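One structure is given here, and the rest of the page talks about it.
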Amino acid sequence: IEAERRRVWQDRFAEGLSRRVIAVAETGPGPLAAFACLEAEADPRWGTLIDNLHVDPARKGRGLGGYVLAAALRALPADALSRPAYLYVIEANARARAAYDAWSGEVVEALTKDEPDGSAIPVLRYAWPSAAGLLGRLSGSSRPDTKRPGATAGPGLGDESRPQAASS
């Protein structure tokens, strides 16, 4: 699976960032604190795909997911902000679903996703009427909680810096 994921990301970067936005939050050397990858207008009906939204497990529960997603949404082309946004989540991922529910996401579809290893897992499609509306729901996520025990301020975190977003 790791090799397959590496190929997917190599292909994405090789394709360029014409309608794709990638935002990361870093705390220095080591794993990324969080990252989001969005594809503007990925689907005519559902709009912008929130293709990936990940937070380092050691840093979950501090608002980093909302923080990096908001940074990515702000970097979308203006026309994409007025269109819907959506994502897929593994049905059993209660923590992520709680965040999407708090951000006023609506479960609009239940599907089964075929994984690279041949297994099939139940997933849900969450949707928002507009990417701008989702960004508005995330306005309280503009600063992650770096005051909690174990939290670290650094590049992409804290008051003096923001996550990095790349798009074109």
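The values are calculated or read from the model by the stated rules, or taken from the named source; none is laboratory data. Note that the structure is a prediction, hence the values are computed from the model and not measured. Here the Cβ is made from the backbone with ideal geometry for all residues, glycine too, and neighbour counts use every protein chain on show.
Worth pointing out:
- Residue list for the stretch 78-100, restricted to those being in contact with a Lys or Arg (Cβ under 9 Å, 6 or more places away or on another chain), in a loop (DSSP other than H, G, I, E, B) and more than 18 Å from residue 38 (Cα to Cα): 91
- Those residues of the stretch 101-136 which are hydroxyl-bearing (Ser, Thr, Tyr) and either in a strand (DSSP E or B) or in contact (Cβ under 8 Å) with a residue 24 or more places away in the chain (or both), in sequence order: 104, 112, 126, 130
- Subset of the stretch 27-79 (residues that are buried (at least 21 other Cβ atoms within 10 Å of the Cβ) and in contact with a Gly (Cβ under 7 Å, 6 or more places away or on another chain)): 27, 33, 34, 53, 55
- Among the conditions (1) at pLDDT below 95; (2) surrounded by fewer than 21 Cβ atoms within 10 Å (Cβ to Cβ); (3) among the hydroxyl-bearing types (Ser, Thr, Tyr), the only one that residue 88 does not satisfy is (1).
- The single residue among 130, 104 that is polar (S, T, N, Q), modelled with pLDDT of 95 or more and more than 15 Å from residue 48 (Cβ to Cβ) turns out to be 104.
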